[in-house]
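Derivation of every value follows stated rules applied to the coordinates shown; laboratory data play no part. A quick note: this is a predicted structure, and the numbers were derived from the prediction, not measured. Please note: Cβ atoms are built from the backbone with ideal geometry, for glycine as well, and neighbour counts cover all protein chains shown.
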Amino acid sequence: MSDAMPAESNSPPVADASDRPGFHYPSVDPGLPALEVSELLNAHQDLIARIKLCFGMDRASFEQSVLPVLQRYAAYVHLLPCTADNYFNEPGGLLQLGLETAFYALQGTDAHIFSGRATISERTALEPRWRQATFVAGLCAELHRPLSQLIVTDQAGHEWSPYIEPLTAWLHDRQVDRYFLKWRPHALDIRSLGLFALPHVLAREDLRALSSDDAPIVPHLLATVAGVQLLREHNALEGLVHRALALVIDRFMQASAERYGKPQLGSHLERYLIDALRRLLASSTNWAPNTDKSRVWFGADGMFLAWPGAADDVRQLLESDQLPGIPKAPKTILEVLLNAGVLLRQEDGSPSWIIHPPGGKPPLDAVKLSTPGILFADLHKLPTALPVPLLTPANAPGRGGPTAGTVEGPSAGLGASPVAAHPSRRQCQDGASKAVAPGQLELPGTSPTELGSERAAPEAAPAPSTALGREAASTSSPPPPQPRLIAPLRLAPMVKDALQDIVATLTLAETEWAACPVESGLFIPLTALTARKLQPPAVVRALQEAHMLEGGASTGPGVGGQELQGVVIAERYIHDLPRRS
């Protein structure tokens, strides 16, 4: 009977889901609870106990000097995650990352000697303060993230200002029991913002203790937190903190891959890879742009890196830094740099480009930088680009310069190496001009020379009207190579400028040289430094810390053959070093 009423059921009615307590549709962000600092640190008691053991302190000393720093750090970051969807992205991730990085950085100090030139008694007094600074630098390594990437609000929409006060203090002032997070779109990774948050973690008395007796500990600490280079000396904390941070993130990545699947590839490696590219550019002769067998080619259509040779150099450099988790395969390094926007793909999606260096060189597989400023961010200016496009073959219509098989004149060798043009670089001509050769590009660190007039001169010169004149023009010897300084980024600018001036004298007659080439490098008399208003002990110290010296202080020949006191700059830091004739 179709019209019959359905029978009543004795089963209890199914409760509507909307009647359940706490259920909302659409879903509502539950926020994060406003816990007390003691509750935050109780979840990390095992790690804090390992930190205490690593410091080697008794309980009273630890609770007086170290525990307050941990409490202030926990009060500042509270339950904030470190990233939105990658490493340490769960509530409390930033606290966990800071504690682990501080612990491993502190462990690294056991095999590290600070203040190596100090006496034993001075070192005994300074070592505990260096260890304390290393611990704080590791703890605050990612302290910039609340200021640059996160927005914290209460339920009414009021925002926390991370510049003004710790998050816990703001929660107490607002008397809220939960808070909510938003991630800033397209946030920039500005590490120096961590300096604004550091006073909320490191108290005045801590800074006073670290900076007493004019010890250079605080500048090293601030530079490490800000992610900047010290101009006059090597940062004693930077390597320890970088290795500890890379280790902690790599361990998290491996654990996440085992439990939850593959995490986002290499996002924490971008800073190390870019830093390695810049260090290679500043220290390796193979990275001088547009020279023979160079890794870097800069043309009218952009800047390119020869690949995979550049990737091998990066891997070897980072392996020497003992950074864990560094990718071994060039393909992996390429993928990280592409995802970071450092490199560009072609329109068809291919990351590989074929470039055609001038001078009849064979085509090269390369990758293209999104902007040359990525490599030259720490240097004064970009090198001069080749006037021809590198993506166009030399014999193709529309590309200037010589085609394969033609004899190059002075204006055609802009991409050729001065070493290749002059195989015997040990021969030096007296009275050589100080002008840069037309075939050599000006690099940061060389004497300023206007290259535009050098390139324009051969084009403006009238062509020879006779066969004899044409033969003379084609067989004339090219100008000699020009020596130049290749200084590491860490070298102090005043010392670098003085060395550049000294090296520039090697383009003059031998009687006017301010330094003397020797078998192991370039001998620089101390008198050449004092003549440039520099204190030799300070210069020698800066060169030692930059690892530019070949041995210690020595004697060498000066003008007129007399023996002088001086130092020897290693040959690898002087490009096209001449020899006495």
Quick one: how many residues across region 159-191 are loosely packed, with under 15 Cβ neighbours inside 10 Å, under 29 Å from the mean Cα position of the chain (by Cα) and not basic (Lys, Arg)?
8
Considering each residue of region 156-171, count those that are within 20 Å of Gly194 (Cβ to Cβ), out of contact with any Pro (no Cβ under 6 Å at 6 or more places or on another chain) and not acidic (Asp, Glu), and give that number.
9
Would you point out which residue out of Arg50, Arg59 is over 37 Å from the mean Cα position of the chain (by Cα) and either of a type outside the set (S, T, N, Q) or over 23 Å from Ala156 (Cβ atoms) (or both)?
Arg59
Which of the residues belonging to region 325-338 are surrounded by 15 or more Cβ atoms within 10 Å (Cβ to Cβ) and on the phi < 0 side of the Ramachandran plot?
Ile326, Pro327, Pro330, Thr332, Ile333, Leu334, Glu335, Val336, Leu337, Leu338
Whichever residue in region 287-324 is surrounded by fewer than 17 Cβ atoms within 10 Å (Cβ to Cβ) and among the polar types (S, T, N, Q) and, among such residues, is farthest from Pro372 (Cα to Cα):
Gln322
Quick one: which strands (runs of 3 or more DSSP E) sit completely within region 283-386 and have at least 1 residues that are free of Cβ contacts under 8 Å to residues at least 60 places away in the same chain?
353-355, 364-369
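Within region 64-104, can you find the residues that are of a type in the set (D, E, K, R) and over 19 Å from Trp130 (Cα atoms)? Spell out how you get there, then give the answer.
Taking region 64-104 and keeping what is of a type in the set (D, E, K, R), we get 72, 85, 90, 100.
Of everything in region 64-104, those that are of a type in the set (D, E, K, R) and over 19 Å from Trp130 (Cα atoms) turn out to be Arg72, Asp85, Glu90.
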Enumerated helices (runs of 4 or more DSSP H) restricted to region 38-146, each holding at least 3 residues that are buried (at least 16 other Cβ atoms within 10 Å of the Cβ)
45-55, 67-77, 93-108, 120-139
